[in-house]
1. Once Lys and Arg get +1 and Asp and Glu get -1 on their Cβ, which of GLY515, PRO264, TYR106 lies farthest toward the positive end of the dipole of the chain?
2. By per-residue mean of other Cβ atoms within 10 Å, what is the highest-first order of 656-666, 706-716, 295-305, 164-174?
3. Treating only the Cβ atoms of Lys and Arg (+1) and Asp and Glu (-1) as charged, compute the dipole magnitude of the chain about its Cα centre; round to the nearest 20 debye.
4. Just the number, please: percent antiparallel of the DSSP beta bridges in the chain, rounded to the nearest 5.
5. How high is the FRET efficiency from GLU487 to ALA621, r the C-beta distance, R0 41 Å, rounded to 0.05?
6. For region 418-458, which whole-number percentage of the solvent-accessible area (1.4 Å probe, protein heavy atoms only) is attributable to carbon and sulfur atoms?
7. Hey, what's the Kirkwood Rh for region 1-160 if you take every pair of different alpha carbons, in angstrom?
8. Does region 658-731 classify as rounded, prolate or oblate by the C-alpha gyration tensor (a ≥ b ≥ c root eigenvalues; a/c under 1.5 gives rounded; else a/b over b/c gives prolate, otherwise oblate)?
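The values are calculated or read from the model by the stated rules, or taken from the named source; none is laboratory data. Because the structure is predicted, anything quoted here is derived from the model rather than measured. Reconstructed Cβ throughout: ideal geometry from the backbone, glycine too, with neighbour counts over all protein chains shown. Accessible surface is based on the protein model in full, side chains and every heavy atom, while ligands, DNA and RNA are left aside. Shrake-Rupley method; radii C 1.70, N 1.55, O 1.52, S 1.80 Å.
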Amino acid sequence: MAKLSQLLDRIDSGTILLPEFQRGYVWNRDQVRGLMRSMYLEHPVGSLLLWETSDSDLSARGSASANGTYLMLLDGQQRITSLYGVVKGHPPGFFEGDPKAFTDLYFNVEDEEFAFYARNRMSRDPRWVNVTELFNSSVVRFLAPLSEQYGHEKAADYLDRLNRLRQIVEREFHQEKITGADKNVEEVVEIFNRVNSGGTKLSKGDLALAQMCAQWPDARRVMRESIDRWAERGYQFTLDWLLRATTAVATGRSQFEQLGKVGPEEFRSALERAVAHTDTFLGAVSGRLGLDHDRVLKSRSSLIMAVRLLELNGGRFEDRAHRDKVLYWYMHSALWGRYAGPTETTLQKDFDTAAHSGVDGLITALERSRRGSLTIRPHDFEGTQGTRFYPLLYLLMRSGRARDLGTGRELSAAALESGHRLERHMLFPTALLRGNDDKADSIANFCFLAEGNDLEMGALAPHEYLGRAETAHPGVLASQWIPADPELWQVGRYRDFLATRREMLAEAAQGFLDGLLEGSIDGEQELQPLTVVAQEAGDPRSEQIRALVQQLREAGFAEPELDTAINDPRHGGVIAEAEAFWPDGLQHGLGKPVVLELDPEQADLPRLQELGHEVFTSVEALSGFVDRIGRAAAGEEVLRSAQEPEQEKSPDSAPDMAAFHKAMVSIYERAKTEAGYTPSYFLGMVSELGALGTARKLLHAPAVSDGFSNLWERGRLDLTVEALVLRPEFSSLFTGEELDRARGRLEQFGYRVTDGQGGSPALS
């Protein structure tokens with residue numbers, strides 16, 4: 001047994017460390033709150049598993065003491081890291097992760113609740129005490145404001161609770177220890193995986209890296225330095241990716257197991273070459289093709305193959321023609337998902353091909369897998385920015401001398417003058433395409449402008465500005481492959497516009513890629529990296545997703561991939577174009593992959609579920625799921641939080657209430673009959689919370705509801721709760737803040753309220 005205070009001191013003294021094979025910190029804020037609540041209530045929080053060793057060469061994270069016996073923390077990293085961070089106010093030396101998960105935690109001395117800082121709720125209430133400050137100062141300092149505002153007797157109760165909270169550092173943890181000089185990393189990792197069956201599983205890459213770190217302790221740190229440097233350039237890589245690239249350089253094999261034959265010096269050299277080759281290839285991809293940020297850099301496995309090619313060629317391209325041919329192979333391998341199936345097997349085949357036939361052999365193998373054809377066709381540009389072909393549109397814009405619609409100047413030059421920034425716009429704005437089967441974020445609906453352009457597209461239809469742009473700057477439409485036929489600029493011809501532009505893009509793309517293969521593209525300009533700022537979509541669904549991601553980010557969950565294609569790992573085909581995707585779970589390495597797919601009819605949901613993905617087809621469903629697991633992690637009842645509005649006792653408890661309940665049911669019925677939309681979730685909320693409780697819950701949500709989005713699509717915002725609460729007969733039921741929020745949402749999405757004080761809404 002050891003007290004928490006002793007464990008924290010031993011971390012500071014360098015006698016408790018974290019083995020290199022452990023992944024980083026992955027807990028979120030709700031889990032931290034739940035742990036602190038359990039500690040405060042003296043509930044069981046589990047034991048610790050430590051490995052006792054005196055091996056001074058063992059690879060570990062943390063500040064090691066000079067000599068003696070070390071304790072490697074195997075099971076309990078998340079708990080001890082959280083407690084260390086809350087008590088000390090900063091992460092421990094072995095920390096890897098987001099420290100916001102445990103900073104700014106507060107304790108309410110009245111209801112004994114733990115919560116993270118919220119200014120509106122806590123700033124003027126002395127009953128909310130900063131937990132870290134409590135542990136690092138005298139409890140007496142909090143007594144004066146409590147006594148002054150609530151009296152000495154009440155303050156004495158509060159003081160008892162604060163002292164009780166401070167005493168958690170005296171809590172004892174049961175420890176299990178693995179001992180014995182004969183224990184090695186492989187045995188300990190096996191024990192770790194058995195004990196940690198419910199936690200973060202170690203991948204093959206984790207195990208291989210652990211074994212390498214046992215021989216070269218700085219391996220992980222050195223690899224991280226390169227990954228962080230690439231991140232600063234806008235490219236995201238993982239330790240697993242760099243380890244596989246290094247394996248390819250060192251052994252010519254795709255399997256991590258091959259690293260067992262590589263010594264530390266050989267690994268160090270291979271890592272240096274893998275990093276150098278990656279830099280060389282990224283320089284070519286960015287400077288020649290303009291693919292200068294992560295969203296347009298597809299297929300990390302194709303990059304590993306390119307790294308292996310450079311290794312076989314002495315770390316360089318033979319000449320410009322050879323470089324362009326490799327880039328030709330890279331683009332086609334990414335476009336056609338060469339490694340979307342069994343990655344290791346396909347990589348190994350291509351490693352062997354490259355060894356005896358070089359890039360020409362790789363191109364032939366790729367053609368063979370495509371039945372002899374690498375032709376770009378118009379239908380390939382169907383889909384949205386999440387598909388493999390969005391980078392090809394960006395490449396054409398960057399490499400094909402596209403011109404700004406507002407000034408007529410080449411985009412690269414104009415963007416460089418405006419601070420290296422471009423704006424991506426929709427030619428047909430989202431608001432004009434409500435109810436259209438073809439999405440506003442279709443690839444063929446995108447164009448690019450220099451930041452600060454004076455075209456003032458806004459929410460205008462293409463026929464209102466494209467003719468003006470072409471008259472002022474002849475040829476500017478063709479430079480961005482935009483149809484010049486004015487008939488196609490009408491909203492009613494959107495599908496025909498997309499079809500025509502896809503034909504133009506396919507022809508331009510085929511010409512450019514063939515030019516790379518043939519070495520016929522003139523010019524050797526070095527394209528400078530640019531930043532692309534997406535135009536605001538202007539639709540409720542996008543606002544919902546933005547708010548959801550922000551909510552999860554603040555709670556400490558993982559960042560998702562947005563607007564991304566999900567490929568079948570076995571067959572390689574696209575099975576979904578997800579609005580958001582968490583491939584490693586909402587917390588890295590914990591739980592199933594999570595998919596938010598808002599167009600389920602266009603996805604293979606059974607296959608996603610067969611592959612073990614959690615699939616959500618509405619933002620509210622995913623938000624509710626996250627709320628439930630968060631409350632469970634925090635040890636709270638999965639019911640209604642204290643901040644949520646209370647439901648009314650009865651729909652007929654007052655005349656206004658009875659009328660409001662009837663009106664809420666009426667907009668449900670009208671949505672069904674007049675708009676063809678059945679808001680079943682809404683009806684369930686009314687049954688559970690009552691009409692007033694439902695309205696307040698929706699108004700206090702961080703974003704509009706699924707119902708609001710669906711009614712916006714149908715042009716019927718008059719049937720939303722936001723419109724209903726602004727009617728004169730109901731506005732007295734709500735606060736001024738709630739009415740302002742309702743009015744703001746309606747006006748944000750193009751719906752005008754006629755009476756400034758909350759009169760009947762009307763379409764503008």
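1. Looking along the dipole axis, the top candidate is PRO264.
2. With the highest mean Cβ count within 10 Å placed first, the list reads 295-305, 706-716, 656-666, 164-174.
3. With only Lys, Arg, Asp and Glu charged at Cβ, the dipole is about 600 debye.
4. Rounded to the nearest five, the antiparallel share is 75 percent.
5. 0.50
6. 41
7. About 17.2 Å, per the Kirkwood formula over Cα pairs.
8. The shape class here is rounded.
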